[in-house]
Structures are given as C-alpha cells and as structure tokens.
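Structure first, commentary second.
The values are calculated or read from the model by the stated rules, or taken from the named source; none is laboratory data. All of these numbers come straight from a predicted model, not from anything done at the bench. Positions of Cβ are backbone-derived with ideal geometry, glycine not excepted, and every protein chain shown enters the neighbour counts. Accessible surface is based on the protein model in full, side chains and every heavy atom, while ligands, DNA and RNA are left aside. Shrake-Rupley method; radii C 1.70, N 1.55, O 1.52, S 1.80 Å.
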Amino acid sequence: MNKPSTTLVFSVALNGYQWRYSHCIKSQKQYAKKMNYQYVVVSRPIFTSLGVECCWLKLLLLKAALEAGYSKVLFVDADAFIQPTCPPVEQLITDDKYLYMAHGYSGEINSGVMLMQESQSSLDWLNDVLSSICTPVAESEGIGWGENGHVAHFAKTWQGFQLISPKWNNTYAKEMSDYIRHFNFGPLKNSWSDKIVHKVIFKVSKILLKCDLNDLSQQEKKLQVVQHKLPKLFSQVVRIYPEFSK
C-alpha cells in the first residue's frame, strides 16, 4: 500500500468560484492524482462575508498545511487550469529556496500559484506577512484588493524566495506552451461571462466590506475588516477540512 503523499495541492473556491471554475478545479484534481499528491479544494462555506478578500485565507491555510506535516504545498487559484503536460513540482526545488512564484501580466509577482517548501523560515515568513495585514504596501496599488500586494512586497526581500518561469503561472500569453494557465484579471480573462461574474462578486464584496475595494484611501479600513474576520473564516474551514489540522 502506497504511503500518503507529503505534497499537498489545494485551492480556495468560495463565493461562486467553485461553480464558475469547476473545469479548472477538475484539472487541478487530475494533476494531483497523476502525481500522487494530496488534493483539497476549499469550497465551503459556500459564501463568506469577506467577499473577494477571502483570498487572504490561502496564507493561513499554507501555514496550517506546513504545520500539519506536508513537506511541499502548492496553492493554485480556482481560476487556474493545470495542463496535462505539467511536470511535478519537485522540478522547481532548489537549495535554500522555500517559496516559488512567477511574474504576472502586470510585471508584479503573482500569488495565484505559490509553491512553498516546509521550513521554519517559511513559517516565519508567513507570520511576517500575516502580522502586517493592516499595513498598506505600495505593491497593492493598481490592484486595490487581496493579499497579492503583501505577498509580493515581502517576497522581494526574502532570500528564501525564487522567481520561476511564467509557464507555471501564465496570466497573459495565449500562445505560450504553459504548465498552468491562469484566467485572472489579465488578458486571458476576456469572456462576457467572466466579466459579469466578477462585476457581481466585486459589487457584493463592496457592500459586505462597506468600502470601495479600488479606493486606496480606504485600504486601511478594508484591511482592518479583513484582519477582524479572517480568523473566524479560517476556524470554519479547518473544522471542515482536516487536511489542515495537525
């Protein structure tokens, strides 16, 4: 009998993403099965009062997965399709590097695909990011929401970070022979259905958070709401998904 894999692949698909991107989630599950990795898609609770800001949850779950004993954890956004030709994540691992991400179409580091290797340094880095939620960072300008700015900001100055090929997180090139094609807010997201879905999700999020997600003057207020609500959502998820428990 094969031993359970110590590599985890997971995604967070809440607030309608679990339905809109079911084809991407299926590709992630197939990839994990092919590589004999564990796979979890966090699709409950179905809706959250954090709206699009629930993306911060990925950082708490990354930390929990490493603490639960996984040696490598690959986070993939729900709107990222893993190609059948995608190689094993072990191909990326190098000495003294613990976090692997690629640049997105904006030229900034994109946190939609994150590979993290277990180490005390990894846990310390995640704690640094999470403890700074309420501190706006320059990298969030132009994004206006989510954890991507903070992740990029802290990754740039960490010696444990390794920049990888955009093949692992292609957000902009239709012609690229990629491993993971990410239909985020870049050029690859151009269908009318995507535009409608995200317009609705952002409208609802603005109401739930009681602030304009794209107004930089309201960033501190928004981040305070995130810091207040995130622990409760994390506790809910861990109760549902034992993979993130020790």
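Listed values, structure above:
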| quantity | calculated |
| --- | --- |
| Trypsin sites (Lys or Arg not before Pro) restricted to DSSP loop in region 119-185 with at most 14 other C-beta within 10 Å | LYS174 |
| Cβ-placed point charges (K, R +1; D, E -1), dipole of the chain about Cα centre in debye, nearest 20 | 980 |
| Normalised convex hull volume, region 98-189, alpha-carbon set, Å³ per residue | 86 |
| Which listed pairs, of LYS58/LYS167; LYS63/LYS199; LYS63/LYS232, have C-alpha distances above 23 Å, in listed order | LYS63/LYS199 |
| Axial C-alpha extent at least 18 Å, average Kyte-Doolittle at least -1.0 - helices from the chain (DSSP) | 192-209, 219-240 |
| Of all accessible heavy-atom area on region 64-149, the percent that carbon and sulfur account for (1.4 Å) | 46 |
| Those aspartates and glutamates that a straight Cα-Cα span of less than 16 Å connects to LYS29, excepting residues fewer than 8 apart in one chain | ASP77, ASP79, GLU243 |
| Exposed-loop-free span, longest in the chain, where GluC sites (Glu not before Pro) count as exposed if DSSP calls them loop and at most 16 other C-beta atoms lie within 10 Å | 1-140 |
| Region 26-89, Cα convex hull volume normalised per residue, Å³ | 95 |
| Principal semi-axes in Å for the chain [√(5λ), Cα gyration tensor, largest first] | 25, 21, 19 |
| Dipole axis of the chain (+1 Lys, Arg; -1 Asp, Glu on Cβ), positive-most option in PRO166, TYR31, TYR70 | TYR31 |
| Cα gyration tensor of region 66-136 - equivalent ellipsoid semi-axes, whole Å, descending | 21, 18, 12 |
| Probe 1.4 Å, accessible area per residue of region 112-158, Å² | 38 |
